[in-house]
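The values are calculated or read from the model by the stated rules, or taken from the named source; none is laboratory data. Note that the structure is a prediction, hence the values are computed from the model and not measured. Virtual Cβ from ideal backbone geometry, glycine too; neighbours counted across all protein chains shown. These accessible areas exclude ligands, DNA and RNA; they are computed on the full protein's heavy atoms, side chains included. Shrake-Rupley method; radii C 1.70, N 1.55, O 1.52, S 1.80 Å.
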Amino acid sequence: MTTPTRIAATFAALKAQGHMAFMPFVTVGDPDVATSMALIRELASRGVDLIEVGFPYSDPIADGPVIQASYTRALSRGLQVNDIFSGIQQLTSGPDGGKIPPLVAMVSYAIVFRIGTAAFVEGAKTAGFSGLIIPDLPADEAGEVASEIRKAGLDAVQLVAPTTTPVREDRIAETGSGFVYCISIAGTTGARDQLPEELSGQLKRLRGKTSLPLAVGFGVSKPEQVGTLRGLADGVIVGSAIVRQLERLSNNSEATLHVLRDIGDFAAKMVAATHATR
Amino acid sequence: MTAAVAARKHSASSQVPDLSGRFGEFGRRFVPETLMQALEQLTAEYEEAQRDPEFQRELNGLLKNFVGRPNPLYFAERLTKHLGGAKIYLKREDLNHTGAHKINNTMGQVLLTRRMGKKRVIAETGAGQHGVATATACARFGFECVVYMGEEDIRRQKLNVFNMKMMGAEVRPVTSGSRTLADAINEAMRDWMGSVEHTHYIIGSVVGPHPFPMIVRDFQSIIGNETRQQCLDLEGRLPNEVIACVGGGSNSAGMFYPFVEDDSVALTGVEAGGRGPKPGDHASTLSFGNKGVLHGSYSYVLQDADGQTMPVHSISAGLDYPGVGPEHSYWKDSGRVNYVNIRDDEALAAFQTLAKLEGILPAIESSHAIAQALKTAGQRSKDDIVVICLSGRGDKDVYEVARLLGKEI
């Protein structure tokens, strides 16, 4: 790869400043696409470094109850993949498009396969995504799909779990790009109080195997947890703690503004924590 | 006569899956990284168990003395006379302990659980038959057992819920999605992702990521192996046709697999046609579905154009599933098995026909296979032999059948 991807460039710039990345997760379409785009703009204005964009799926085995409920709400309103692509495209090609940080699609392989890998990657690229995370496509099966994604100039992000064996870590380091998504706990997504101790051992081991940035997700919910990851990880991902707030959203625009601001305030605290230098 | 008399042209092999879990192009593993190590461990443990004569000896002992195998291949004399065609035999899985074929799998898997040193078992269930078979196996071996069951199914299958609890299992209601079998599988997978180090997931059908479709098929293959031998003993030859119902496809996979390379034996899989071919009105994945990914496996699925799982309907809770085992997809595309579908009303009529003519109340799932024989066996020669897999008994269904017939119990 001659020119670095937008994701790689973002992590490199943060590293030069001694910062960690903060990457919030949002479901698109909960309660509707327009509100999701407003939320992405709000997060961008608070200085988040990347945004993970969840594509609602009917049978999300990797996700916990909070995100599944959000997906179910979005799908019950008839959300389709093309609605997500066109919403994101309007956002990234609009007047403020340059202020939107790299967007990473989190999407089940059931969706990618049905639409067709080439068509999906093309749609994602046109919409303005910088990378794809396909959580149910493990490294063993990811080869062709990952190269298709990279051929389009996007990153194919792979996940590492606490149960991942060293042999598997090697395989994942080979097929992934952009960053490595490090799952902090064996289980589904969802906010937890504490991060497990084994995590630091795994992060240190991964550091020796790959030059890719390491981003930690699953179970992160508080600015106070960020300090324990400094020096070990290059980024922090927060999902359920944000999506939980979406439950409060209704079509009442005042409530929407209120919730967006609350999420924005939380994001600002996380940005402050991840960008703090020791 | 029918095509079944002639040797069939097909390309199916019984030497599947390969090491990566492929049945032709189908199967494989589409699961979160968190589960990969457990699947690799299970694959290795299973391969060892297969080679261990002590494991096989213990399993055979349990199947004989606890489950009550071998069960009969029964000549249905009055049904045969009634149809006036082929001789019809019923493979009596309904006579197993707990009343269905599901226990063939749970006895094998509970032995695997013990071998892996795990003490907790989880399972999903739709109609409750697999839940009961799992609770039974766990009670027999003293393992903790949690069964995930959709809230809607709990309401419809109170008797099985009560039975599971009596045997010490915890039945956890699933309130996500459509609150039925597919959601119970999601919930069980989630539990397993957080508990995989001490918990084994006993999946109830030939679905899910490799090695589950292979393991469940192998444990269920005792159905076909016994049938094959019994038919040779009784008739001196193999049947012309074998018919079994297909939801996820475990009784049919177990029945068909030992016949895959017997080209003279026609294999017919019967899906739930529900109210008709309109989307949402049936559960006929192989008849009307597309290739796709669901619950960790690549197979035929009932999805919309975005890959979202579609609602399904069947009179039978055990066939009410939007996917199907990957080996069935392989058999479909290779032409080895002919898949048809039977509507709710045809299954209900077959339930009554078998009850009146043979004194057997079949499960409403198995009634789909019987209905297919009612349609076709009469047109066959009297020299032909047709075997129907009677996968379970109908006791669990009598309230629903009574309701549909407008009768009170």
* Asked: Is the shape of segment A:6-273 rounded, prolate or oblate, going by the alpha carbon gyration tensor and its root eigenvalues a ≥ b ≥ c, with a/c under 1.5 for rounded and a/b larger than b/c for prolate?
  -> rounded
* Structure fact -> Rounded to the nearest 100 Å², the accessible area hidden between A and B, summed over both chains at a 1.4 Å probe radius, is 3000
* Asked: Dipole size in debye (nearest 20) for segment A:6-273 around its Cα centre, Lys and Arg Cβ +1, Asp and Glu Cβ -1?
  -> 520
* Structure fact -> Bridge orientation stat for the protein assembly as shown from DSSP, antiparallel percent rounded to 5, came to 20
* Structure fact -> Between the modelled labels at A:Arg248 and B:Lys81 (7 Å from Cα along Cα→Cβ) the distance in nm is 7.6
* Asked: Using a simple spin-label model with points 7 Å from Cα along the Cα→Cβ vector, what separation in nm is obtained for B:Ala305 and A:Thr3?
  -> 3.4
* What is the calculated FRET efficiency for B:Lys407 to A:Gln17, with r their C-beta to C-beta distance and R₀ = 60 Å, to the nearest 0.05? -> 0.20
* Considering only DSSP beta bridges with both partners in chain B, what is the antiparallel share in %, to the nearest 5? -> 30
* To do: Starting from the residue with the highest accessible area, list B:Glu346, B:Glu151 in decreasing order, probe 1.4 Å.
  => B:Glu151, B:Glu346
* How large is the dipole of segment A:105-172 about the Cα centre if only Lys and Arg carry +1 and Asp and Glu carry -1, each at its Cβ, rounded to the nearest 20 debye? -> 160
* Structure fact -> Ordering B:Arg179, B:Arg217, A:Arg46 by the accessible surface of their heavy atoms, 1.4 Å probe, largest first, yields B:Arg179, A:Arg46, B:Arg217
* Asked: Over the heavy atoms of A:Val66, what accessible area does a 1.4 Å probe trace out, to the nearest 10 Å²?
  -> 20
* Are there cysteines in the protein assembly as shown with no other Cys C-beta under 4.7 Å, and if so, which? -> A:Cys182, B:Cys231, B:Cys245, B:Cys389
* Asked: Using +1 on the beta carbon of Lys and Arg, -1 on that of Asp and Glu, and nothing else charged, what's the dipole of chain B about the Cα centre, debye to 20?
  -> 740
* Asked: Quick one: how many Å² of B:Ile223 are accessible to a 1.4 Å probe, rounded to 10?
  -> 0
* **Computed helical MRE - 222 nm, the protein assembly as shown, DSSP H runs ≥ 4 contributing -39500 (n - 2.57), nearest 500** => -13500 deg cm²/dmol
* Accessible area of A:Val167 in the full protein assembly, 1.4 Å probe (Å², nearest 10) -> 100
* On average, how many beta carbons from a partner chain sit within 10 Å of the beta carbon of a residue in A:39-46? -> 0
* Report the relative contact order of chain B, percent, no decimals, based on alpha-carbon pairs under 8 angstrom and at least 6 residues apart. => 22
* Between segment B:281-353 and segment A:21-65, how many Å separate their Cα centres? -> 34
* Asked: If you stretched the chain out fully between B:Lys356 and B:Asn65, how much longer would it get, using 0.36 nm times the residue separation minus the C-alpha to C-alpha distance?
  -> 101.7 nm
* **List B:Lys332, B:Lys102, ordered by accessible area with a 1.4 Å probe, largest first** => B:Lys332, B:Lys102
* When you look at the Cβ of every residue in B:289-297, what mean number of other chain Cβ atoms sits within 10 Å? -> 4
* Asked: GNM, chain B, Cα, under 10 Å: largest mean-square fluctuation among B:Thr34, B:Thr180, B:Thr113?
  -> B:Thr34
* Out of B:Gly194, B:Gly208, B:Gly274, any idea which swings most in a Gaussian network model of chain B, alpha carbons joined below 10 Å? -> B:Gly194
* **Max mean-square fluctuation residue, GNM over chain A, Cα-Cα springs under 10 Å, options A:Pro31, A:Pro162, A:Pro95** => A:Pro95
* Added length on full extension, which subtracts the Cα-Cα distance from 0.36 nm per residue, B:Asp262 to B:Glu170 -> 28.8 nm
* Structure fact -> Surrounding charge for B:Met36, neighbours by C-beta under 14 angstrom, Lys/Arg +1, Asp/Glu -1, total -4
* Structure fact -> Looking only at aspartates and glutamates whose Cα falls under 12 Å of B:Lys87's and that sit 8 or more positions away or on another chain, we get B:Glu77, B:Glu235, B:Glu241, B:Asp383, B:Asp384
* Can you give me the pair-distance distribution of the protein assembly as shown, C-alpha pairs, 20 Å bins, whole percents? -> 18, 49, 26, 7, 0
* Structure fact -> Counting only protein heavy atoms with a 1.4 Å probe and every protein chain in place, the carbon and sulfur fraction of the accessible surface of the protein assembly as shown in whole percent equals 50
* To do: Give me a single rounded figure for B:26-32: the average over its residues of other chain Cβ atoms within 10 Å of their Cβ.
  => 6
* So how much slack lies between B:Gln229 and B:Gln56, counting 0.36 nm per residue of separation and subtracting their Cα-Cα distance, in nm? -> 60.4 nm
* To do: Keeping all protein chains in place, calculate the accessible area per residue for segment B:21-118 (probe 1.4 angstrom), answer in Å².
  => 37
